[in-house]
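Input: one structure, supplied below.
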Amino acid sequence: MKLSTNFTSEEFIRSATAARGGIDNNMDKEQTARAKELCKTILQPLRDEVGKAMNISSGFRSLKVNKKIGSTSKSQHTKGEAADFSIPGMKVPAICKLIIKLGLPYHQLIDEFSEGGQGWVHVSIAHKGQEPRKQYLQARRSSTGKTVYTEISRNGKKSKP
């Protein structure tokens with residue numbers, strides 16, 4: 001099923017973890033509606049701007065899949081409201097800056113582990129009925145291996161160090 005012009009539910013629910021574990025990773029009606037909203041308001045406009053395919057590494061995750069990978073039950077991935085992706089030939093910080101420049105209505109935007117040229121972008125929409133908080137974060141691994149999040153900006157205003 002199409003979520004937007006260039007995105008399908010099949011790519012949005014694809015999960016190696018679900019496939020390996022025989023876990024159902026299909027979206028219900030509300031999760032599908034939220035995924036369509038994410039594609040319509042953020043992913044599709046971004047793809048239209050860059051004119052390149054985007055690689056979704058993690059879209060929707062059922063609660064079982066989410067638990068299996070060690071993520072929190074509050075993850076917006078479980079609601080169809082978030083996606084992790086990359087764009088071939090573009091660096092993660094450049095993608096994040098373009099999302100901000102285009103004025104797309106992100107709730108949370110995270111540059112995840114882009115140091116060393118790797119990583120991906122996490123983007124989410126606000127929960128139904130809420131305004132997007134436009135929070136931009138960087139996620140990095142500490143020397144102990146723990147993930148540390150640093151807020152770069154919120155509502156277009158730079159955060160204090």
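The values are calculated or read from the model by the stated rules, or taken from the named source; none is laboratory data. Just so it is clear, the structure is predicted and the values come from calculations on it, not from any experiment. Backbone-built Cβ (ideal geometry, glycine too); neighbour counts: all protein chains shown. Only protein heavy atoms, including side chains, enter the accessible area calculation; ligands, DNA and RNA are left aside. Shrake-Rupley method; radii C 1.70, N 1.55, O 1.52, S 1.80 Å.
Could we say that residue 106 is of a type in the set (Phe, Trp, Tyr) and in contact with a Leu (Cβ under 8 Å, 6 or more places away or on another chain) here? Don't jump to the end; show me each part of the working.
Working: of a type in the set (Phe, Trp, Tyr): yes; in contact with a Leu (Cβ under 8 Å, 6 or more places away or on another chain): no.
No: the conditions fail for residue 106.
I'd like the residue in region 111-161 that is more than 22 Å from residue 60 (Cβ to Cβ) and either among the aliphatic types (A, V, I, L, M) or in a helix (DSSP H, G or I) (or both) and, out of all such residues, is modelled with the lowest pLDDT.
Let us first name the residues in region 111-161 that are more than 22 Å from residue 60 (Cβ to Cβ), namely 114-118, 131, 134, 136, 138, 140-146, 148-161.
Within this subset, residues satisfying the condition of being either among the aliphatic types (A, V, I, L, M) or in a helix (DSSP H, G or I) (or both) are 115-117, 148, 152.
Working: 115: 88, 116: 77, 117: 80, 148: 95, 152: 95.
My answer is 116.
Looking only at region 45-98, filter to residues that are touching a Ser or Thr at 6+ places or on another chain (Cβ under 8 Å) and of a type in the set (Gly, Ala, Ser); which one of those is surrounded by the fewest Cβ atoms within 10 Å (Cβ to Cβ)?
57
So is residue 80 among the small types (Gly, Ala, Ser), touching a helix residue (DSSP H, G or I) at 6+ places or on another chain (Cβ under 6 Å) and farther than 30 Å from residue 143 by Cβ or not?
Working: among the small types (Gly, Ala, Ser): yes; touching a helix residue (DSSP H, G or I) at 6+ places or on another chain (Cβ under 6 Å): yes; farther than 30 Å from residue 143 by Cβ: yes.
Answer is yes for this residue.
Another question about this same structure. Go through the residues of region 66-85 one by one and say whether even a single one is out of contact with any strand residue (DSSP E or B) (no Cβ under 6 Å at 6 or more places or on another chain), of a type in the set (Asp, Glu) and in contact (Cβ under 8 Å) with a residue 24 or more places away in the chain.
At the first step, the residues of region 66-85 found to be out of contact with any strand residue (DSSP E or B) (no Cβ under 6 Å at 6 or more places or on another chain) are 66-75, 77-80.
Subset that is of a type in the set (Asp, Glu): none.
Within region 66-85, not a single residue is out of contact with any strand residue (DSSP E or B) (no Cβ under 6 Å at 6 or more places or on another chain), of a type in the set (Asp, Glu) and in contact (Cβ under 8 Å) with a residue 24 or more places away in the chain.
Out of all the residues in region 8-55, which are among the polar types (S, T, N, Q) and in contact (Cβ under 8 Å) with a residue 24 or more places away in the chain? Give the steps one after another, and end with the answer.
Pass one, region 8-55, residues among the polar types (S, T, N, Q): 8-9, 15, 17, 25-26, 31-32, 41, 44, 55.
If the condition is that a residue be among the polar types (S, T, N, Q) and in contact (Cβ under 8 Å) with a residue 24 or more places away in the chain, then 9, 15, 17, 25, 26, 31, 32, 41, 44, 55 are the ones that fit.
All but one of (1) open to solvent by less than 40 Å² (accessible area, probe 1.4 Å); (2) of a type in the set (S, T, N, Q); (3) on the phi > 0 side of the Ramachandran plot hold for residue 159; state the number of the condition that does not hold.
The one condition residue 159 does not meet is (3).
Further question: In region 13-42, how many residues are open to solvent by 70 Å² or more (accessible area, probe 1.4 Å) and in a helix (DSSP H, G or I)?
Counting residues in region 13-42 that are open to solvent by 70 Å² or more (accessible area, probe 1.4 Å) and in a helix (DSSP H, G or I) gives 6.
What residue, among those in region 101-121 that are touching a Gly at 6+ places or on another chain (Cβ under 8 Å) and of a type in the set (Asp, Glu), is least open to solvent (accessible area, probe 1.4 Å)? Quick ask: steps written out before the conclusion?
Here is the first cut: in region 101-121, the ones touching a Gly at 6+ places or on another chain (Cβ under 8 Å) are 111-113.
Subset that is of a type in the set (Asp, Glu): 111-112.
Details: 111: 1, 112: 18 Å².
Ranking the qualifying residues of region 101-121, first place goes to 111.
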